[in-house]
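**Student:** The structure is given below, and queries will be raised subsequently.
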């Protein structure tokens with residue numbers, strides 16, 4: 001705890017490589033563009049109504065409410081902004097967490113109170129990114145993953161707020177400890193159903209800011225929360241990867257930044273990219289769509305299936321963004337998916353066409369694509385070092401955890417079928433997993449193969465032979481070559497018996513994409529969606545303020 005706090009408190013701009021600083025600006029564009037894209041979301045409007053009702057006067061703007069609107073406390077502004085940022089799942093992420101909702105928004109809006117410089121805001125954002133990613137990575141082998149690591153937002157907010165509030169390293173350690181004393185633990189039913197999903201980062205971010213304010217007044221927290229056998233890691237990781245918390249300032253998690261090109265879970269992006277390569281065909285021309293994907297995509301789809309099975313209507317926008325069938329259906333009906341289609345009114349207006357299109361989609365687990373997805377993480381999870389950290393006993397626990405996750409997703413899919421998911425045309429296929437897949441995923445020998453040879457924990461060889469493998473935790477060279485891969489293959493069976501297929505591994509907007517990386521996609525996102533919220537002239541001002549690290553950027557977001 002103290003090591004993390006000392007590093008975050010002492011971070012200076014000259015210590016940070018220029019490309020990493022630039023990625024913080026890219027992340028700002030992504031978050032601000034994502035908020036603008038969510039402006040018409042019905043659930044986001046309900047959250048705004050509630051925040052306005054409870055808010056108190058303060059120095060900050062509510063995003064998109066207009067600069068003449070009543071200003072509110074920073075906590076109220078952060079709560080609303082984080083919910084807006086989360087609404088359509090049109091966000092960004094680094095290797096171990098969707099950090100932007102808190103890492104960007106807390107320092108950006110807290111500057112309304114602290115009058116912090118632009119460079120100090122960027123450093124607070126960067127410190128939050130690095131600490132949040134490491135906490136997520138330490139809990140990689142555990143009951144939660146991805147956005148359900150909501151505790152990272154509390155920790156990141158505590159770290160960034162501590163910098164802007166001028167806390168000492170000791171006070172920062174206590175702020176971080178307070179943020180992890182009773183960390184949030186998000187649950188799937190709340191995440192896959194509106195409107196609670198929108199609060200995934202909002203509640204923890206405000207709690208983290210509050211932790212920093214408490215520490216500033218001398219309130220103390222458990223400084224051994226990350227070391228104690230009954231502390232944070234024992235509650236959130238089946239096999240804690242403690243070493244992931246290290247190498248601060250040596251390797252930068254921010255270099256793995258990925259910006260989503262579509263509203264929806266990252267595990268959907270490559271399936272949509274592959275469909276885009278096939279020219280965004282229209283539903284009437286397609287007989288069937290077959291999607292082969294990794295365990296990441298299949299578990300996501302199975303978890304959302306229970307909430308997508310009502311035969312009388314289309315799912316909510318939240319469910320659509322976590323479903324392969326419904327996301328592809330949107331693309332087949334609309335042409336190309338975007339925020340306008342992840343809208344309750346549009347979904348209802350096109351419900352019949354969407355149900356017919358979704359019924360054409362089949363999703364299958366392909367173990368070779370799972371191996372490729374796991375292999376891509378060799379740049380941030382050195383196989384030999386992971387094997388040594390996990391150990392034989394931990395490997396068995398990791399296999400059991402993976403088996404429970406896959407089996408649980410199959411049970412959830414079965415519940416969805418009982419509630420009418422057969423309307424999607426899946427017939428008796430209750431899950432993208434076969435029984436053979438379940439046995440394979442729970443097999444210790446497969447995990448041993450994926451992690452590398454345990455007897456040689458220092459090995460840097462890649463068991464799949466396709467990616468650069470890190471020689472150490474947070475290896476800068478390996479991070480520089482990192483490519484975020486969620487491989488998917490889409491096969492179209494067209495009417496008239498023509499077959500087309502396409503493959504995508506690194507999503508557009510992701511780290512390592514050969515032509516459209518995070519910078520290009522974030523600029524497009526801000527340009528295309530920001531003008532509708534703030535006007536063409538102001539969005540130009542916002543873009544310049546980001547480029548110039550203007551400390552008054554927050555004033556332009558009202």
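**Student:** Residues 173, 188, 128, 111: which one is buried (at least 24 other Cβ atoms within 10 Å of the Cβ) and more than 18 Å from residue 32 (Cα to Cα)? Reasoning before the result, please.
**Tutor:** On the way: 188 fails: buried (at least 24 other Cβ atoms within 10 Å of the Cβ); 128 fails: more than 18 Å from residue 32 (Cα to Cα); 111 fails: more than 18 Å from residue 32 (Cα to Cα).
Within the list 173, 188, 128, 111, the selection yields 173.
**Student:** Continuing with this model, one more query. As an exercise: evaluate residue 97 against (1) surrounded by 24 or more Cβ atoms within 10 Å (Cβ to Cβ); (2) at negative phi and give the number of the one condition it does not meet.
**Tutor:** Going through (1) surrounded by 24 or more Cβ atoms within 10 Å (Cβ to Cβ); (2) at negative phi one by one, residue 97 breaks only (2).
**Student:** Please tell me if residue 100 is assigned by TED's automatic domain parsing to the domain that holds residue 199 and more than 14 Å from the chain's Cα centre (by Cα). Don't jump to the end; show me each part of the working.
**Tutor:** Working: assigned by TED's automatic domain parsing to the domain that holds residue 199: yes; more than 14 Å from the chain's Cα centre (by Cα): no.
It is false that residue 100 is assigned by TED's automatic domain parsing to the domain that holds residue 199 and more than 14 Å from the chain's Cα centre (by Cα).
**Student:** Among the listed residues 215, 173, 161, 177, identify the single one that is under 19 Å from residue 78 (Cα atoms) and either touching a helix residue (DSSP H, G or I) at 6+ places or on another chain (Cβ under 9 Å) or not assigned by TED's automatic domain parsing to the domain that holds residue 87 (or both). So that I can check it myself, show each step before the final result.
**Tutor:** Numbers: 215 fails: under 19 Å from residue 78 (Cα atoms); 173 fails: under 19 Å from residue 78 (Cα atoms); 177 fails: under 19 Å from residue 78 (Cα atoms).
161 is the lone residue from the list that is under 19 Å from residue 78 (Cα atoms) and either touching a helix residue (DSSP H, G or I) at 6+ places or on another chain (Cβ under 9 Å) or not assigned by TED's automatic domain parsing to the domain that holds residue 87 (or both).
**Student:** May I pose another question? Being crowded, with 24+ Cβ neighbours inside 10 Å and over 27 Å from residue 477 (Cβ atoms) narrows it down to one of 263, 281, so name that one. Write out each step before concluding.
**Tutor:** Numbers: 281 fails: crowded, with 24+ Cβ neighbours inside 10 Å.
Answer to the check: 263.
**Student:** Moving on. Can you spot a residue in segment 333-340 that is buried (at least 23 other Cβ atoms within 10 Å of the Cβ) and assigned to a loop (DSSP other than H, G, I, E, B)?
**Tutor:** Yes.
**Student:** Sticking with this one: Can you tell me which of 292, 301, 269 is surrounded by 22 or more Cβ atoms within 10 Å (Cβ to Cβ), in contact (Cβ under 8 Å) with a residue 40 or more places away in the chain and out of contact with any helix residue (DSSP H, G or I) (no Cβ under 9 Å at 6 or more places or on another chain)?
**Tutor:** 269
**Student:** Inside segment 475-498, can you point out the residues that are farther than 23 Å from residue 260 by Cα, modelled with pLDDT of 95 or more and surrounded by 19 or more Cβ atoms within 10 Å (Cβ to Cβ)?
**Tutor:** 492
**Student:** So residue 535 ticks every box in (1) over 27 Å from residue 241 (Cβ atoms); (2) modelled with pLDDT under 95; (3) touching a helix residue (DSSP H, G or I) at 6+ places or on another chain (Cβ under 9 Å) but one. Which box is left unticked?
**Tutor:** Condition (3) is where residue 535 drops out.
**Student:** Further question: Pick from segment 509-525 the residues that are crowded, with 23+ Cβ neighbours inside 10 Å and touching a helix residue (DSSP H, G or I) at 6+ places or on another chain (Cβ under 6 Å): which of them is farthest from residue 36 (Cα to Cα)?
**Tutor:** Applying the filter and picking the extreme gives 511.
**Student:** Could we say that residue 25 is part of a helix (DSSP H, G or I), over 19 Å from residue 542 (Cβ atoms) and either assigned by TED's automatic domain parsing to the domain that holds residue 194 or touching a residue at least 12 places away in the same chain (Cβ under 8 Å) (or both) here? First the steps, then the outcome.
**Tutor:** Numbers: part of a helix (DSSP H, G or I): yes; over 19 Å from residue 542 (Cβ atoms): no; either assigned by TED's automatic domain parsing to the domain that holds residue 194 or touching a residue at least 12 places away in the same chain (Cβ under 8 Å) (or both): yes.
No.
**Student:** Going through 60, 53 one at a time, which residue ends up being more than 14 Å from residue 32 (Cβ to Cβ) and surrounded by fewer than 17 Cβ atoms within 10 Å (Cβ to Cβ)?
**Tutor:** On the way: 60 fails: surrounded by fewer than 17 Cβ atoms within 10 Å (Cβ to Cβ).
Going through 60, 53 in turn, the sole match is 53.
**Student:** Determine which member of the set 31, 20 is closer than 30 Å to residue 170 by Cβ and assigned to a helix (DSSP H, G or I). Spell out how you get there, then give the answer.
**Tutor:** Numbers: 31 fails: closer than 30 Å to residue 170 by Cβ.
That would be 20, the only listed residue that is closer than 30 Å to residue 170 by Cβ and assigned to a helix (DSSP H, G or I).
**Student:** May I ask you to verify whether residue 76 is crowded, with 24+ Cβ neighbours inside 10 Å and at pLDDT 95 or above? Walk me through how you get there before you give the answer.
**Tutor:** Working: crowded, with 24+ Cβ neighbours inside 10 Å: no; at pLDDT 95 or above: yes.
Spelling it out, it is not the case that residue 76 is crowded, with 24+ Cβ neighbours inside 10 Å and at pLDDT 95 or above.
The values are calculated or read from the model by the stated rules, or taken from the named source; none is laboratory data. This is a predicted model, so every value here is computed, not measured. We place every Cβ from the backbone using ideal geometry, glycine too, and count neighbours over all the protein chains shown.
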